[in-house]
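The values are calculated or read from the model by the stated rules, or taken from the named source; none is laboratory data. Keep in mind it's a predicted model, so treat the numbers as computed, not measured. Cβ placement follows ideal geometry from the backbone for every residue including glycine, while neighbour counts extend to all protein chains displayed.
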Amino acid sequence: MDDTESPPVNQGMPTFTYDNHRFVLNDQPFHILAGAMHYFRVLPEYWDDRLHKMRAMGLNTLETYVAWNLHEPQLGAFDFDAGLDLAAYIQKAAAHGLYAIVRPGPYICSEWEFGGLPAWLLREPDMRLRCMHRPYLDAVDRYFDALIPQLAPLQVTHGGPIIAMQIENEYGSYGNDKAYLRYLKDGLRTRGVQVPLFTSDGPTDEMLQGGTLPHILKTVNLGSRAETAFAKLREYQPGGPLMCAEFWNGWFDHWGEEHHTRSPEDAAETLAEILAAGASVSLYMFHGGTNWGFMNGANSYPGPYQATITSYDYDAPLNEAGDPTPKYLAFRDVIGQYDPLPDLPVPAPSPKMALGSVALSESVNLIDALDHLATPVQRPAPTSMESLGQNYGFVLYRTHISGPRPETELTIRGLRDRAQVFINDSFIGVLERECPEKSLSFAVLPDGAKLEILVENMGRVNYGPELLDRKGITEGVLLGQQYLFGWTIFPLPLDDLSGLNFAHSLTKDGPTFFRGIVNVKQACDTFLALPGWTKGVCWLNGFNLGRYWQRGPQKTFYVPAPLFQEGENEIVLFELHGTERHVVEFHDHPDLANLWR
């Protein structure tokens with residue numbers, strides 16, 4: 001066919017390629033039945049368990065994104081250890097009889113913070129992303145120089161499990177810089193990638209025009225209407241194997257939405273349509289996992305800004321706790337009609353524990369803890385989180401306003417994303433990026449007033465044209481028509497809470513850290529419930545479990561057994577608005593289904 005490239009291969013080693021109709025592994029037809037499961041959303045202690053369940057459902061290939069922002073959290077400092085040991089993850093897949101497809105980005109979308117791009121890219125004022133902008137390309141080159149040597153020895157051409165890699169990700173949904181796509185393609189090849197490369201895009205004209213390259217295999221992503229999607233793909237790629245690189249069999253949730261579900265019967269019907277067309281497929285997701293810490297993404301186009309929740313259950317065949325669902329059984333039945341199933345039983349659900357109620361009897365107010373959490377900086381005007389050298393978390397901005405002044409409207413220009421406003425230590429209200437029509441007004445007495453603004457980075461946009469999503473206050477603060485200058489700024493990444501001095505008392509004033517102890521003899525997975533709490537972040541033994549918010553839909557938070565230790569376990573909540581209950585609960589079942597009331 002005339003729309004393929006011929007990558008180099010090692011003579012005498014296994015091969016993976018394709019012809020006009022099919023994929024070919026070692027000269028034999030190969031039907032890709034893949035499932036997406038991201039190592040960075042699953043604790044490494046559970047990789048084997050989830051991979052075994054993947055193979056037992058009848059899949060033959062693991063598919064994973066690579067999260068650049070985790071591997072290079074600070075410029076030039078790389079991490080491929082422990083839960084970020086991607087090579088070990090892929091080798092474990094091989095041990096379970098699975099091949100692997102790797103999607104190294106540099107951009108991955110995935111409802112992940114900033115689409116997997118590292119936040120420090122935004123420190124450059126003139127940064128341009130996902131195009132032939134030299135500072136961006138230099139950063140990508142450094143990333144590929146560190147990443148590809150981890151993957152190249154694991155290609156099928158070297159006797160490993162990796163059969164294919166993706167160029168960028170759904171690029172036609174963002175841009176049309178073909179020179180950039182060629183740059184990435186050449187960069188992968190020159191660094192030793194020998195397996196077939198492919199692109200994946202939505203099945204529309206503009207996406208397939210902008211996101212593809214001649215002679216590189218094209219695939220499409222879809223949730224339904226497979227026949228129509230493949231027909232559009234054939235307009236741009238008359239030959240070659242059909243593949244759905246992402247079959248969206250569930251969906252993700254934003255805060256304030258109902259939990260998305262899709263019936264097993266409906267999803268299985270679309271899967272059968274894909275397989276009946278003779279196409280290969282990758283299930284997005286097979287197992288979603290969790291957006292730990294501050295790693296959730298957000299959307300901001302075409303509507304208002306909406307942050308993604310902590311859970312990435314995705315209504316996938318394997319739920320957030322790794323248990324098979326009715327969708328798992330329905331998909332297994334469909335797969336068995338087209339390919340032989342492995343001689344493996346359907347796995348049983350894992351045991352869960354209910355620990356009951358746990359009192360959080362110690363607290364420390366944020367203002368009292370500032371000396372242990374932040375080193376203040378002075379700036380004439382509020383500045384972005386990135387310009388402070390900070391990636392995630394919160395920023396507290398403080399200034400003094402002269403008086404007297406009549407009641408006047410406060411405006412935060414470039415608010416990213418949610419601000420709690422305090423005058424002389426008294427809370428006066430919230431301003432939110434997602435609700436720009438909201439406003440606050442206040443008067444100032446003759447002796448003036450202390451103004452404090454606590455801004456939460458709720459997750460950078462991961463999809464669409466709003467990717468240049470700097471956080472904090474990115475423009476300025478107005479009282480009436482007057483800009484306010486002279487600020488003390490406290491960066492609060494909250495990546496180390498060990499210096500907090502908790503008191504055996506409970507405060508109700510302002511954003512506060514609360515602490516309690518839960519005793520565990522033999523740990524199982526469990527689910528943390530926070531009835532009566534409003535909004536904040538929770539940690540177990542120093543591990544950031546993620547954000548909570550009474551808006552829902554999430555009522556419980558998945559807590560895997562490996563995060564516990566025998567005996568005492570510390571739980572800390574950073575509550576932004578206060579509670580009367582000061583108690584958390586551990587349940588033996590999840591609840592993602594409805595909005596909190």
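Just to verify a result, which residue in the stretch 58-97, among those that are in a loop (DSSP other than H, G, I, E, B) and either of a type in the set (Asp, Glu) or under 17 Å from the mean Cα position of the chain (by Cα) (or both), is surrounded by the most Cβ atoms within 10 Å (Cβ to Cβ)?
Looking at residues that are in a loop (DSSP other than H, G, I, E, B) and either of a type in the set (Asp, Glu) or under 17 Å from the mean Cα position of the chain (by Cα) (or both), I get Ala67.
Take the residues of the stretch 239-276 that are closer than 17 Å to Arg332 by Cβ and β-branched (Val, Ile, Thr): which is surrounded by the most Cβ atoms within 10 Å (Cβ to Cβ)?
Ile274
Can you find a residue that is in contact with a Lys or Arg (Cβ under 7 Å, 6 or more places away or on another chain) and either at pLDDT below 95 or not aromatic (Phe, Trp, Tyr) (or both) anywhere in the stretch 365-381?
Checked the stretch 365-381: no residue is in contact with a Lys or Arg (Cβ under 7 Å, 6 or more places away or on another chain) and either at pLDDT below 95 or not aromatic (Phe, Trp, Tyr) (or both).
Would you please name the residue that is nearest to Ala307 (Cα to Cα), looking only at residues in the stretch 215-239 that are part of a loop (DSSP other than H, G, I, E, B) and touching a strand residue (DSSP E or B) at 6+ places or on another chain (Cβ under 6 Å)?
Gly223
With respect to Thr399, determine if the residue is outside the structural domain of Met54 (by TED's automatic domain parsing) and not in a loop (DSSP other than H, G, I, E, B).
yes
Only one residue in Glu475, Glu407, Glu466, Glu434 is of a type outside the set (A, V, I, L, M), surrounded by 14 or more Cβ atoms within 10 Å (Cβ to Cβ) and part of a strand (DSSP E or B). Which one?
Glu475
Out of Arg55, Arg103, report the one residue that is buried (at least 22 other Cβ atoms within 10 Å of the Cβ) and closer than 30 Å to Leu33 by Cα.
Of the residues listed, the single one that is buried (at least 22 other Cβ atoms within 10 Å of the Cβ) and closer than 30 Å to Leu33 by Cα is Arg103.
Give Glu452, Glu437 a once-over and let me know the one that is assigned by TED's automatic domain parsing to the domain that holds Thr411, over 20 Å from Val395 (Cα atoms) and not hydroxyl-bearing (Ser, Thr, Tyr).
Answer to the selection: Glu437.
Exactly one of these conditions fails for Asp425: (1) touching a residue at least 60 places away in the same chain (Cβ under 8 Å); (2) at negative phi; (3) of a type outside the set (Ser, Thr, Tyr). Give me its number.
(2)
Considering the stretch 495-529 alone, what residues qualify as being assigned to a loop (DSSP other than H, G, I, E, B) and under 23 Å from Ser350 (Cα atoms)?
Lys521, Gln522, Ala523, Cys524, listed by residue number.
Looking at the stretch 445-454, can you tell me whether even one residue there is in contact (Cβ under 8 Å) with a residue 40 or more places away in the chain, assigned to a loop (DSSP other than H, G, I, E, B), under 23 Å from Gly546 (Cβ atoms) and within 31 Å of the chain's Cα centre (by Cα)?
Among the residues of the stretch 445-454, not one is in contact (Cβ under 8 Å) with a residue 40 or more places away in the chain, assigned to a loop (DSSP other than H, G, I, E, B), under 23 Å from Gly546 (Cβ atoms) and within 31 Å of the chain's Cα centre (by Cα), which makes the answer no.
With Thr375, Thr325 as the choices, which residue is outside the structural domain of Gln522 (by TED's automatic domain parsing), surrounded by 14 or more Cβ atoms within 10 Å (Cβ to Cβ), touching a residue at least 60 places away in the same chain (Cβ under 8 Å) and of a type in the set (Ser, Thr, Tyr)?
Every option except Thr325 fails the conditions.
Looking only at the stretch 15-36, count every residue that is polar (S, T, N, Q) and surrounded by 13 or more Cβ atoms within 10 Å (Cβ to Cβ) and tell me the total.
2
Which residue is farthest from Asp343 (Cα to Cα), if the candidates are limited to the stretch 37-52 and must be surrounded by 20 or more Cβ atoms within 10 Å (Cβ to Cβ) and not hydrophobic (A, V, I, L, M, F, W, C)?
My answer is Arg41.
Of everything in the stretch 98-117, what is part of a loop (DSSP other than H, G, I, E, B) and more than 18 Å from Ile167 (Cα to Cα)? Give them in sequence order.
Leu98, Glu111
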